[in-house]
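Inspection log for the structure reproduced underneath, given as structure tokens.
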Amino acid sequence: MAAVVNANGSDAGKTDGEQTMLMPPPPTNPMVTPLLTDLYQFTMAYAYWKAGKHQDRAVFDLYFRKNPFGGEYTVFGGLEECIRFLANFKFEENEIAFLRSVMPTCEDGFFQYLQAIDCAKVEVYAIPEGSVVFPKVPLMRIEGPVAVVQLLETPFVNLVNYASLVTTNAARHRFVAGKSRTLLEFGLRRAQGPDGGISASRYCYMGGFDATSNVAAGRLFGIPLRGTHSHAFVSSYMGLDEIVDKALLSHDGLNMCEDFISLVRSWLIKLQRANSLHSTFGETNQSELAAFTSYALAFPNSFLALVDTYDVMKSGLPNFCAVALALSDLGYKAIGIRLDSGDLAYLSIEVRKFFCAIEKEFGVPNFGKMNITASNDLNEETIDALNKQGHEIDNFGIGTYLVTCYAQAALGCVFKLVEINNQPRIKLSEDVTKVSIPCKKRCYRLYGREGYPLVDIMTGNNEPPPKVGERILCRHPFIESKRAYVVPQHVEELLKCYSPGDSDKPRAELPSLREIRERCMHHLEQMRPDHMRILNPTPYKVSVSAKLYDFIHFLWLNEAPVGELQ
Ligand SMILES: Nc1ncnc2c1ncn2[C@@H]1O[C@H](COP(=O)(O)OP(=O)(O)OP(=O)(O)O)[C@@H](O)[C@H]1O
Ligand SMILES: O=P(O)(O)OC[C@H]1O[C@H](OP(=O)(O)OP(=O)(O)O)[C@H](O)[C@@H]1O
Ligand SMILES: O=C(O)c1cccnc1
Ligand SMILES: [Mg+2]
């Protein structure tokens, strides 16, 4: 038996000479237990057990049928949580007691069987997390005793569905925003409950966001934390006389400014009188000025202000600039502003002009380059519209539309039996997109001359793999006339072994979140641009080998009853 080292450092039961393997820690969410499944998984497990069929060797594929958000790609998320769940799968005594209470007609031997099971015999092959993936190709292939693997269906599909959906949503937001913008995930308050919030932060980072406002996710996953302040902070101030401690030490620690408020006030007067600012404002809101001054006293090294509480151009912006200029006198560099309402394109351009005019008028280096963050119900479409209009926004803060996946509620992953006791199985449907692809399969991505992925191909498990430079026929799984020859320049086998079960296959490593994010960025960059565009993207081809095609159609005819016309 291999000794087990817990990934968080403890070294449980290791003996000399035993091979050490890394035992994945439990799932992030402690609610992910063997009971987090549908009742029918237990009723089926009982029926398998009662029939003496529970140890039959089953192969299931986990896949989705259609790319989300009207796009032609998906990013796979959730694998690590599945592997953690699998590695720690064990029923507690109190869980068995609960099952007994809800399944009172089941024999005692079944519960003894459940109490003893784990997933040691379950093999899992999966596409690495963070990969770009396509419909019908298994994201995961799970093999093992049918009753055990059946119990994994609901939790696996649950762990993959939202993870992949929100990672894809994040990747789409990154694509439309462009590489140079900073993307901040602000969705916790709007997410579907605590797990939705934590998952959103993790998977949005994976999909290309730069940071989150979610402190718990920052701690759990090491995601960079970022934030500004809210309107409440601004409106909580009534006036400058609320600020008692007005002193601020200069950045170099050499000079003490005893009255920072006076310095701010003097800058506001200079701004009001500056010719180049074209007297765009008169009296600004003094309670807002108090809030900004107070925030700057608390964070002189990272001053950022929300400027739209009263009026951006007539109050928020000049107030911010007065405080930023006062900080600059003391050697500090303010970060910038956040806009949370109004026409974000127009306002950001006006703000930038104002910053640049100040840089020129007062000779403050880099004042014009200060950061502009925008938020307020942003999504793919609004960011695309802003880009088309032209804007000066550096950072987008995105919450509701991102984390709730407003444009599409679910990915629709499924978990289908494709083989039992080495016998291929098929699920038929009137709707051809719902017919499952039978057999234990191998999956490959074939790359073309220009370095882009050309097609994914599924073959039977025992077929020889596609070879570089050798022509292979790729067939649409269901439409006879759709086929193409491909001469791959590079062949990548997609499914790696993440749980070897009883086999002696090497186990693929679970990379860090940052590594998964890098894989995702790399995969997205590799895609041919027409698959990625927002409007009418070209579908990526998913195919089967000629042999598998013939077999699918043989099995289809074999299983489909022949109708009789009266
Ligand atoms: N230039 C722009 N082009 C397209 N959409 C924009 C632009 N500027 C802002 N938006 C979007 O328009 C919507 C404006 O929201 P809304 O109608 O609630 O007004 P608001 O600015 O939030 O007003 P308030 O907060 O004062 O009630 C938001 O979804 C925002 O992202
Ligand atoms: O708009 P989202 O994409 O969801 O981004 C997060 C929002 O949450 C905050 O305010 P909140 O919405 O709570 O209040 P507000 O609308 O009054 O600003 C923030 O100011 C953003 O507007
Ligand atoms: O830090 C922010 O600006 C923030 C955080 C959460 C939601 N809206 C904004
Ligand atoms: Mg809002």
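The values are calculated or read from the model by the stated rules, or taken from the named source; none is laboratory data. Just so it is clear, the structure is predicted and the values come from calculations on it, not from any experiment. In this analysis, Cβ positions are derived from the backbone assuming ideal geometry, glycine residues included, and neighbour counts consider all displayed protein chains. Accessible surface is based on the protein model in full, side chains and every heavy atom, while ligands, DNA and RNA are left aside. Shrake-Rupley method; radii C 1.70, N 1.55, O 1.52, S 1.80 Å.
The string of couplings for segment 162-171 from the Karplus curve (6.51, -1.76, 1.60, θ = phi - 60°) is 5, 4, 6, 5, 6, 5, 5, 4, 4, 4 Hz, one whole number per residue in order, with x for Gly and Pro. Which residues does the label zone of N462 cover in segment 97-138, counting backbone N under 20 Å from a point 7 Å along Cα→Cβ? Label zone hits: none. Available extension along the chain between A484 and D38 is 156.4 nm, counting 0.36 nm per residue and deducting the alpha carbon span.
Computed from backbone phi with θ = phi - 60° and the Karplus coefficients 6.51, -1.76 and 1.60, the 3J(HN,Hα) list for segment 418-433 is 10, 7, 9, 6, 6, 9, x, 10, 10, 10, 8, 7, 4, 8, 4, 5 Hz; x is used for glycine and proline. Checking the cross-link filter: which aspartates and glutamates have an alpha carbon closer than 18 Å to that of K121, excluding same-chain neighbours under 8 positions apart? Of all the aspartates and glutamates, those that pass the test against K121 - Cα under 18 Å, at least 8 places apart if same chain - are D56, D61, E143, E153, E419, D502, D504. Close amide-amide hydrogen proximity is noted between Y498 and V124, Y125, A126, A508, each under 5 Å apart and 5 or more residues distant or on a separate chain (H modeled in the peptide plane; Pro and chain starts excluded). Projecting label points 7 angstrom from Cα along Cα→Cβ for R449 and K270 puts them 6.4 nm apart. For segment 148-240, the solvent-accessible area of protein heavy atoms averages 37 Å² per residue (probe radius 1.4 Å; ligands and nucleic acids excluded).
Computed FRET efficiency, Cβ-Cβ of E283 and K369, R0 25 Å: what is it to the nearest 0.05? Efficiency for this residue pair is about 0.30. Here the simple spin-label model places points 7 Å from the Cα toward Cβ, and for H476 and D530 these points are separated by 1.6 nm. Between A546 and K353, the contour length at 0.36 nm per residue exceeds the Cα-Cα span by 63.3 nm. Only protein atoms count toward the accessible area here, which uses a 1.4 Å probe; on the chain, the carbon and sulfur part of that area reaches 52 percent. Solvent-accessible surface of segment 270-405, taken per residue with a 1.4 Å probe and all protein chains present: 38 Å².
Taking each of K482/K505; K66/K496; K246/K333; K53/K541; K136/K388; K388/K496 in turn, the alpha-carbon distance tops 30 angstrom for K482/K505; K53/K541; K136/K388; K388/K496. Panel note: the C-alpha atoms of segment 229-393, placed on their principal axes, show extents of 48, 34, 30 Å (largest first). Among the chymotrypsin sites (Phe, Trp or Tyr not before Pro) found in segment 405-452, those both in a DSSP coil and sparsely packed, with 15 or fewer other Cβ atoms within 10 Å of their Cβ, are Y406. When you filter the GluC sites (Glu not before Pro) in segment 252-359 for DSSP loop state and at most 15 other Cβ atoms inside 10 Å of their Cβ, you are left with E258, E283.
Under 5 Å from the amide H of K541 lie the amide H atoms of D456, each residue being 5 or more positions distant or on a separate chain, with H modelled from the backbone and absent for Pro and chain starts. How would you classify the chain from its alpha-carbon gyration tensor, with a ≥ b ≥ c the square roots of the eigenvalues: rounded for a/c under 1.5, else prolate if a/b is greater than b/c, otherwise oblate? Verdict is prolate for the chain. Taking 1.002 mPa s as the viscosity and 20 °C as the temperature, the Stokes-Einstein diffusion coefficient of segment 145-250 based on its alpha-carbon Kirkwood radius rounds to 129 µm²/s.
Using the Karplus relation 6.51 cos²θ - 1.76 cosθ + 1.60 with θ = phi - 60°, the per-residue 3J(HN,Hα) values for segment 45-61 come to 4, 5, 5, 4, 5, 4, 8, x, 9, 5, 8, 4, 7, 10, 10, 10, 10 Hz, with x marking Gly and Pro.
Looking at segment 88-162, the trypsin sites (Lys or Arg not before Pro) that sit in a DSSP loop and have at most 15 other Cβ atoms within 10 Å of their own Cβ are K90. Counted residue by residue at 0.36 nm each, then reduced by the alpha carbon distance between them, the extension gain from M238 to K360 reaches 40.6 nm.
Calculate the spin-label point distance for Y310 paired with A47, positioning each point 7 Å from the Cα along the beta-carbon direction, and give it in nanometres. Those two pseudo-labels are separated by 7.0 nm.
For segment 311-368 and segment 392-441, what is the separation of their Cα centres, given in Å? For segment 311-368 versus segment 392-441, the Cα centre distance is 46 Å.
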